[in-house]
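One structure is given below, encoded as structure tokens.
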Amino acid sequence: MEKNNGAAKRIAADALFAALGLIVFLIENLFPPLFIPGAKMGLSNIFSLAALILYGPVDAFAVICVRTVLGALFAGNISALMYSLSGGIVSMAVSAALLYLVYPRISVMAVSITAAVAHNIVQNLVFVALSGTALSFSYMPYLALIGVLAGAIVGGAVMLIFKRVPLSVYERALGSGRGDPENNE
């Protein structure tokens, strides 16, 4: 019975992270793009990164997939799904690799920045592959800069959350987590 209870808590946690990410995505979607068509801060990634840190890559990928698909449906932009989902999957793979292979030699902030830059580059590559518009490669430096800014904001938010909210809160509410990034007590 305890094993089923733990699995139910993780599914509930994943659903909560996906729902929070979806809400933030929908709010962020109401604002105009940053400098370049389609460019957003990606604040919903706060919850994907938190899921990765607390529960691991499988849960984080589930959060990304659910949030991205529902976000495309609710925003009425199904065509953007191929860009968002491909960018999200690659950026989460980058985040997971860095967290499991390099962390703590690099910070959560560095992980977030690297993932955001990867996300933007992958989205641009998908656009170029689908549209055949090689001129879109000229956006890469701008997308990388926006990725650095977005990654810093997301990474900073995640670090702040984990510094201010003790890990024991997550463990009591949602079951045992993976560990503590950035020296949470």
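The values are calculated or read from the model by the stated rules, or taken from the named source; none is laboratory data. Quantities reported herein were computed from a predicted structural model and do not represent experimental measurements. Counting neighbours? That spans all protein chains shown, and the Cβs are built from the backbone with ideal geometry, glycine included. All accessible areas refer to the heavy atoms of the entire protein, side chains included, with ligands and DNA or RNA removed. Shrake-Rupley method; radii C 1.70, N 1.55, O 1.52, S 1.80 Å.
Couple of notes before you dig in:
- A 1.4 Å probe run over the chain, with the rest of the protein chains in place, finds 52 Å² accessible per residue.
- Its convex hull of Cα atoms gives the stretch 2-73 a direction-averaged projected area, equal to a quarter of the hull surface, of 5.0 nm².
- Debye-formula intensities of the chain, expressed as log10 I(q)/I(0) at q = 0.11, 0.12, 0.17 Å⁻¹, are -0.47, -0.55, -1.07 (one equal scatterer per alpha-carbon, no solvent).
- Of the three principal axes defined by the Cα atoms of the stretch 23-124, the extents in descending order read 39, 27, 20 Å.
- Among the chymotrypsin sites (Phe, Trp or Tyr not before Pro) within the stretch 1-69, those in coil by DSSP and having at most 12 neighbouring Cβ atoms inside 10 Å are PHE35.
- The spacing between the stretch 96-111 and the stretch 128-152, judged by their C-alpha centroids, is 23 Å.
- Packing here is the average count of other Cβ atoms within 10 Å per residue, and on that basis the peptides 63-72, 139-148, highest first, run 63-72, 139-148.
- Kyte-Doolittle at least -1.0, axis length at least 20 Å by Cα - qualifying DSSP helices, the chain: 2-28, 57-75, 81-101, 108-131, 140-164
- Calculated FRET efficiency for the pair VAL128/ASN29, C-beta based, R₀ 30 Å, to 0.05: 0.80
- Value at 222 nm in deg cm²/dmol, rounded to 500, when DSSP H runs of n ≥ 4 in the chain each add -39,500 (n - 2.57): -25000 deg cm²/dmol
- The share of accessible area on the chain that comes from carbon and sulfur is 72 percent, using a 1.4 angstrom probe.
- Neighbour-limited loop hits for trypsin sites (Lys or Arg not before Pro), the stretch 84-174 (at most 13 other Cβ within 10 Å; DSSP other than H, G, I, E, B): ARG105
- Point-charge dipole on Cβ atoms (K/R +1, D/E -1) for the chain, about Cα centre, debye to 20: 40 debye
- Modelled spin-label separation between ILE106 and ASN77, with each label point placed 7 Å from Cα along the Cα-to-Cβ direction: 2.8 nm.
- Centroid-to-centroid separation of the stretch 20-37 and the stretch 44-71 [C-alpha atoms, Å]: 17 Å
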